[in-house]
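Q: Let me begin by handing over the structure; questions about it come next.
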Amino acid sequence: MLARQAVLSTIRMVREENLDVRTVTLGINLNVCANPDPDRLVEAVYARIVDKAGSLVRFCDEVSDKYGLPIVNKRIAVSPASQLLEGHSVETAVRLCQALDAAAEKVEIDLLGGFTALVQRGITPGERTLIESLPQALAATHRVCSSFNVGTTKAGIHVDAVNLIARKLIETAEMTRTTRGFGCAKVVVFANMPEDNPFMAGAMLGAGQPECVINVGVSGPGVVKRAVDRLVQHDPAATLDEIAEEIKHTAFRVTRTGELIGHEVADRLGVPFGVVDLSLAPTPRVGDSVGEIYQSMGVSRIGAPGTTAAVMLLNDAVKKGGSFASSAVGGLSGAFIPVMEDHALSKAVADGTLTLEKLEAMTAVCSVGLDMILLPGSTTAETLAGIILDEAAIGITNRKTTGVRVIPVPGAQPGEFVDFGGLFGSGVVTQPASPEGAETFVNRGGQIPAPIHSLMN
């Protein structure tokens, strides 16, 4: 267990720099709710979430008040909903999603993840039902997030699943046209999806996890930026290895703080503590940006040569510092680059210095992938499938998690400004340099085989 006094001193150190716990996420296994009767299924799901999570917000607020450290989001991640839908209709899937949404509202949490299907090798009837229901389900709910795993290093990439999901994403954007396609902002398509991720939209409770568990997401890009700023102000000639060392020390302190908060909330709820995910997840606020860290390192224009190397340095240093601070590091743990949610990244895209292709290169060396990127309304399902396949290929080859969360904005043209507000932020519509040309390739379907280095046994 952590030395509590040491953690308290860390909290006092970072409080002035506006460190917060980005999310406390309660994982809940819903498999016990399975029932062939749709009415009993949705009733059981609602009741179980309300029972297990009824005190989550209150306990989080108590712990936050105790340590003077804000807990920004309280969330729930459930076991993949597709597992409950075997033998059920699309109508039942929509009702299930609405029950999840109603339960989330009842317990007053911010978001609920787990409307999920794991389709890296094939699609069961229940998983197909969930995918088919996606447009209606997300159009009818507010707090539910959805995710899909379409590839792993061991399995390769399931192209048929990618094509189906891409078509449903286009339909989701159209069904949420009045909110500029916002439904797609609540969907992420993964390769090598983690089973203990507390961050949305990809949170879910994976196989092998406890019945209930607390996972914590500690962010703090602003804290890291100010640490780098102090270093370079003190020593303008600071080398990149010295910057990496400073980031490591900062990540260490932040991780210790998050672990304390997680243990406290878990103890009060009477559930196990799982992991602390130390990912640098930005917000649209100035000063809370991952992109600004790259600028503090010396990359004056995000997207310029050297940007990918800066991303690698940051991601590696965060992981090293956090892993030394705790033996319970999990989730994604690295640097996120969600364009709309990051002030500096969004501005770089608007200025034309950061393109979709450069972002793709950056995803090869950081956590997640193409995240919160606006696409024109004319984007085809085939183009979207090609983007997903490219990111999945990066993930399975590098033995890392990659994901795609892009929003085709109905009726929007490249360069158009779109504002979702709040945590989701704003940005301009962009598009691939070659938006066409993938049709024949993606429509071949089938399975892209796993890479040779998957044969590790």
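The values are calculated or read from the model by the stated rules, or taken from the named source; none is laboratory data. Note that this is a predicted model, so its numbers are computed, not measured. A quick note on method: Cβ atoms are made from the backbone with ideal geometry, for glycine too, and the neighbour counts reach across all protein chains shown.
Q: Kindly provide the set of residues from the stretch 441-457 that are exposed (fewer than 12 other Cβ atoms within 10 Å of the Cβ) and touching a Gly at 6+ places or on another chain (Cβ under 6 Å), ordered by number.
A: PRO449
Q: From the list ALA433, ALA412, exactly one residue is in contact with an Asp or Glu (Cβ under 9 Å, 6 or more places away or on another chain) and in a loop (DSSP other than H, G, I, E, B). Which is it?
A: From the options ALA433, ALA412, the qualifying one is ALA433.
Q: Could you say whether any residue in the stretch 34-47 is basic (Lys, Arg), surrounded by 14 or more Cβ atoms within 10 Å (Cβ to Cβ) and either touching a Ser or Thr at 6+ places or on another chain (Cβ under 7 Å) or not in a loop (DSSP other than H, G, I, E, B) (or both)? Spell out the reasoning first.
A: In the first step, residues of the stretch 34-47 are kept if they are basic (Lys, Arg); the result is 40.
With the extra rule that they be surrounded by 14 or more Cβ atoms within 10 Å (Cβ to Cβ), the set shrinks to none.
No, the conditions are met nowhere in the stretch 34-47.
Q: Scanning for something surrounded by fewer than 23 Cβ atoms within 10 Å (Cβ to Cβ) and more than 16 Å from the chain's Cα centre (by Cα), does the stretch 330-342 turn up at least one residue?
A: No: the stretch 330-342 contains no residue that is surrounded by fewer than 23 Cβ atoms within 10 Å (Cβ to Cβ) and more than 16 Å from the chain's Cα centre (by Cα).
Q: How many residues does the stretch 252-290 hold that are over 19 Å from the mean Cα position of the chain (by Cα), of a type outside the set (A, V, I, L, M, F, W, C) and modelled with pLDDT under 85?
A: 4
Q: How many residues, within the stretch 360-377, are farther than 19 Å from LEU280 by Cβ and either crowded, with 24+ Cβ neighbours inside 10 Å or hydroxyl-bearing (Ser, Thr, Tyr) (or both)?
A: Filtering the stretch 360-377 for residues farther than 19 Å from LEU280 by Cβ gives 360, 374-377.
Imposing the further condition that a residue be either crowded, with 24+ Cβ neighbours inside 10 Å or hydroxyl-bearing (Ser, Thr, Tyr) (or both) reduces the set to 374-375.
Number satisfying all stated conditions: 2.
Q: Among the candidates PRO194, PRO236, PRO221, PRO210, single out the residue that is free of Cβ contacts under 8 Å to residues at least 24 places away in the same chain and at negative phi. Steps first, answer last, please.
A: On the way: PRO194 fails: free of Cβ contacts under 8 Å to residues at least 24 places away in the same chain; PRO221 fails: free of Cβ contacts under 8 Å to residues at least 24 places away in the same chain; PRO210 fails: free of Cβ contacts under 8 Å to residues at least 24 places away in the same chain.
Testing whether each residue is free of Cβ contacts under 8 Å to residues at least 24 places away in the same chain and at negative phi leaves just PRO236.
Q: To continue, here is another question. Restricting to the stretch 170-225, count the residues that are farther than 20 Å from ILE131 by Cβ and among the β-branched types (Val, Ile, Thr).
A: So the answer is 8.
Q: Another one. For the structure I just gave you, tell me whether VAL50 is under 30 Å from ASP267 (Cβ atoms) and either surrounded by fewer than 19 Cβ atoms within 10 Å (Cβ to Cβ) or in contact with a strand residue (DSSP E or B) (Cβ under 9 Å, 6 or more places away or on another chain) (or both).
A: Details: under 30 Å from ASP267 (Cβ atoms): yes; either surrounded by fewer than 19 Cβ atoms within 10 Å (Cβ to Cβ) or in contact with a strand residue (DSSP E or B) (Cβ under 9 Å, 6 or more places away or on another chain) (or both): yes.
Criteria met by VAL50.
Q: For the stretch 329-340, which residues satisfy the criterion of being among the β-branched types (Val, Ile, Thr) and assigned to a loop (DSSP other than H, G, I, E, B)?
A: Matches in the stretch 329-340: ILE337 only.
Q: Quick one: in the stretch 119-153, of everything that is of a type in the set (D, E, K, R) and touching a residue at least 40 places away in the same chain (Cβ under 8 Å), which residue is farthest from GLU86 (Cα to Cα)?
A: So the residue we want is ARG143.
Q: Can you tell me which condition VAL63 does not meet? The list is (1) within 23 Å of the chain's Cα centre (by Cα); (2) aliphatic (A, V, I, L, M); (3) within 25 Å of ARG22 (Cα to Cα), and all the others hold.
A: (1)
Q: In addition: Could you check the stretch 171-198 and list, in sequence order, the residues that are among the aliphatic types (A, V, I, L, M) and buried (at least 23 other Cβ atoms within 10 Å of the Cβ)?
A: ALA173, ALA185, VAL187, VAL188, VAL189, ALA191, MET193
Q: Then there is this: Quick one: how many residues across the stretch 408-440 are modelled with pLDDT under 85, surrounded by fewer than 12 Cβ atoms within 10 Å (Cβ to Cβ) and farther than 23 Å from LEU138 by Cβ?
A: 4
Q: A follow-up question, please. With (1) assigned to a helix (DSSP H, G or I); (2) surrounded by fewer than 17 Cβ atoms within 10 Å (Cβ to Cβ) as the list, and ARG285 as the residue in question, which single condition is left unmet?
A: Every condition holds for ARG285 apart from (1).
Residue by residue, here is whether (1) crowded, with 19+ Cβ neighbours inside 10 Å; (2) assigned to a helix (DSSP H, G or I); (3) touching a His at 6+ places or on another chain (Cβ under 8 Å) holds:
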residue: SER323; (1), (2), (3): no, yes, no
residue: SER327; (1), (2), (3): no, no, no
residue: ALA344; (1), (2), (3): yes, yes, no
residue: VAL349; (1), (2), (3): yes, yes, no
residue: LYS358; (1), (2), (3): no, yes, no
residue: ALA385; (1), (2), (3): yes, yes, no
residue: ALA393; (1), (2), (3): no, yes, no
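Q: Spot the failing condition for GLY369; the list is (1) within 19 Å of ASN192 (Cβ to Cβ); (2) over 23 Å from the mean Cα position of the chain (by Cα), and only one is missed.
A: With respect to (1) within 19 Å of ASN192 (Cβ to Cβ); (2) over 23 Å from the mean Cα position of the chain (by Cα), GLY369 is out only on (2).
Q: Residues ALA251, ALA244: which one is in contact (Cβ under 8 Å) with a residue 60 or more places away in the chain and farther than 24 Å from PRO284 by Cα?
A: On inspection, the qualifying residue turns out to be ALA244.
Q: Collect the residues in the stretch 177-200 that are part of a helix (DSSP H, G or I), among the hydrophobic types (A, V, I, L, M, F, W, C) and farther than 16 Å from LEU384 by Cβ, keeping them in residue-number order.
A: Residue satisfying the conditions is PHE182 alone.
Q: What are the pairs with Cβ atoms under 8 angstrom where one residue, in the stretch 305-321, is outside any helix (DSSP H, G or I) and buried (at least 18 other Cβ atoms within 10 Å of the Cβ) and the other, located anywhere, is modelled with pLDDT under 90 and of a type in the set (Ser, Thr, Tyr)? Sequence gap at least six, or different chains.
A: Taking only residues 6 or more apart or on different chains, not a single pair turns up.
Q: I'd like to know if the stretch 229-249 contains one or more residues that are in contact with a helix residue (DSSP H, G or I) (Cβ under 8 Å, 6 or more places away or on another chain) and within 24 Å of ASN31 (Cα to Cα).
A: No - not one qualifying residue is present in the stretch 229-249.
Q: To continue, here is another question. Criterion first (crowded, with 22+ Cβ neighbours inside 10 Å and charged (D, E, K, R)) does ARG405 satisfy it? Give the steps one after another, and end with the answer.
A: On the way: crowded, with 22+ Cβ neighbours inside 10 Å: yes; charged (D, E, K, R): yes.
In short, yes.
Q: Can you tell me which residues in the stretch 27-43 are more than 17 Å from VAL94 (Cβ to Cβ) and among the hydrophobic types (A, V, I, L, M, F, W, C)?
A: Within the stretch 27-43, the first condition is being more than 17 Å from VAL94 (Cβ to Cβ), and the residues that meet it are 27-29, 31-32, 34, 36.
Selection gives ILE28, VAL32, ALA34.
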